Amino acid sequence: MDDKILKMETVHQYNTRMGIETLHPLVSVVDMSKAAMIRRGRMNYGFYAIFLKEVNCGDLIYGRQYYDYQEGTIVCVAPGQISGVRDNGELIQPKGWALVFHPDLIRGTSLAHNMKNYTFFSYEANEALHLSEQERQIVIDCMKKIDHELKHAIDKHSKTLITIYIELLLDYCLRFYERQFITRSNVNKDVLVRFEELLDEYFRTDKPQTIGLPSVKYCAEQLCLSPNYFGDLIKKETGKTAQEYIQIKLIDTAKERILDTSKTVSEIAYELGFQYPQHFSRIFKKRVGYTPNEYRSVQN
């Protein structure tokens, strides 16, 4: 079994692998049913890729809930990311659709400015977007519009229209992910409960002194989620960012410890993971309206 990672730097390289003609050096739409048979493999992409995988997902289980999204799954990959499975030597006929586009295509466009909003490009494969039949048709329609423009004679409008259609597709993905966050509501609440327990356990141990303040990345890893997916989930469930949520828990813990007058504010700051007590005092005053010493005086 070959575990080699193939670097795929250009759209043309990808098209060559799929056995299709390159109509534009910076963007391509691939109907996988018309592509060549390929070997499985792990790729390091130098461009953005959106894969609509035509697979029968069956009854997907999230927590104790079943969701029947059998029509397709979307996986999004950003430049520099690795995607795929190990090569087992077999040739396969891929199914579905792919849209690949190089960052150079969108430079200077509104899409380049808005790419930061599409956090799902940093989600893990197990956090993929599962589509209903209607959603799948919308995605395919967007890809077909891009494909139509690629087959049209290139003119001064081509880049504008192609990037508009890509942005439309990504906006639909945002909408569909919102739906998925809602349909996974029970599971998301389970994550929220585990997040609370994780923070409680963190501050009960010496981790703040050895590791420092809990980070969003640390919490996401402990909950087996990608940082972006975790952050988006917490925002959807609570209306607060994951960082704000951590800070609220931090301040609540600090309030309890400040009431223990046997310890100085500096000692409490170090216990909570702060390198500098002044930093702790600034954050505490910003959140509570009092400095830690003022809060201690008022409460006692």
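The values are calculated or read from the model by the stated rules, or taken from the named source; none is laboratory data. What you see is a predicted model, and the numbers here were worked out from it, not measured in a lab. Every residue, glycine among them, receives a Cβ derived from its backbone with ideal geometry; neighbour counts consider all protein chains shown. Heads up: the accessible areas ignore ligands, DNA and RNA and are worked out on the full protein's heavy atoms, side chains in. Shrake-Rupley method; radii C 1.70, N 1.55, O 1.52, S 1.80 Å.
Could you grab the relative contact order for the range 97-203? Cα pairs under 8 Å, six or more apart, rounded to a whole percent. Computed value for the range 97-203: 32 percent relative contact order.
Between LYS286 and LYS189, residue separation times 0.36 nm minus the direct Cα-Cα distance comes to 32.1 nm. Quick one: go through the range 96-131 and flag any residue whose amide nitrogen is under 19 Å from the point 7 Å out along the Cα-to-Cβ line of HIS157. Residues 110 qualify, since their backbone N sits under 19 Å from the label point. Ranking of GLU267, GLU256 by solvent-accessible surface, largest first: GLU256, GLU267 (1.4 Å probe, protein heavy atoms only, all chains present). Lys and Arg at +1, Asp and Glu at -1: add these up for the other residues within a Cβ distance under 15 Å of GLU221 and post the number. Net charge in that neighbourhood comes out at 0.
Note on exposure: ILE74, ILE211, ILE283 ranked by accessible area (1.4 Å probe, complete protein assembly) read ILE211, ILE283, ILE74, with the most exposed listed first. Relative contact order of the chain: 15 percent, from C-alpha pairs under 8 Å at least 6 residues apart in sequence.
How much net charge surrounds PHE120 when only the other residues with a Cβ under 9 Å from the Cβ of PHE120 are counted, with Lys and Arg +1 and Asp and Glu -1? Mind showing how you got there, number by number?
Numbers: positive: none; negative: GLU127, ASP232.
It works out to a net charge of -2.
Taking the Cα centre of the chain as the origin and placing charges on Cβ (Lys, Arg +1; Asp, Glu -1), which of MET18, GLY72, ALA153 is farthest toward the positive end of the dipole? The residue sitting most towards the positive pole is ALA153. Between the beta carbons of GLU201 and GLN243, assuming R0 = 25 Å, the FRET efficiency works out to 0.85 to the nearest 0.05.
Specify whether the C-alpha gyration tensor of the range 121-161 places it in the rounded, prolate or oblate class, a ≥ b ≥ c being the square roots of the eigenvalues: rounded for a/c under 1.5, otherwise prolate if a/b is larger than b/c and oblate if not. Can you show the working numbers first?
Numbers: a/c = 4.23, a/b = 1.96, b/c = 2.16.
Oblate, since a/c reaches 1.5 and b/c is not below a/b.
Helix content alone sets the calculated 222 nm mean residue ellipticity of the chain: runs of n ≥ 4 DSSP H residues at -39500 (n - 2.57) each, divided across all residues, give -15500 deg cm²/dmol.
FRET efficiency for the GLU133 to ASP252 pair, using the beta carbon distance and R₀ = 41 Å, is estimated at 0.35.
Listed cross-link partners LYS7/LYS95; LYS189/LYS217; LYS7/LYS159; LYS217/LYS249; LYS263/LYS285; LYS7/LYS217 are compared with a 24 Å cut-off, the Cα-Cα value being larger for LYS7/LYS159; LYS7/LYS217.
Based on protein heavy atoms only, the chain ends up with 53 Å² per residue of surface accessible to a 1.4 Å probe.
Relative to 2.2 N^0.38 Å, what does the C-alpha radius of gyration of the chain come to as a ratio? Two decimals please. Before the final figure, lay out the partial values.
Details: Rg = 24.1 Å, N = 300, 2.2 N^0.38 = 19.2 Å.
With N residues counted in the chain, Rg over 2.2 N^0.38 Å equals 1.25.
Taking 7 Å steps out from each Cα toward its Cβ at LEU23 and THR210 produces label points 5.8 nm apart. Mean-square fluctuations from a GNM of the chain, with a 10 angstrom spring cutoff on Cα atoms, peak among ASN117, ASN188, ASN15 at ASN117.
For ALA36 and SER266, calculate 0.36 nm times their separation in residues minus their Cα-Cα distance, and state this gained length in nm to one decimal. Write down the numbers at each step before the final one.
Working: separation 230, 0.36 × 230 = 82.80 nm, distance 6.56 nm.
Between ALA36 and SER266, full extension yields 76.2 nm more.
Helix 227-238 and the long axis of the chain differ in direction by around 60°, with both axes built from C-alpha atoms.
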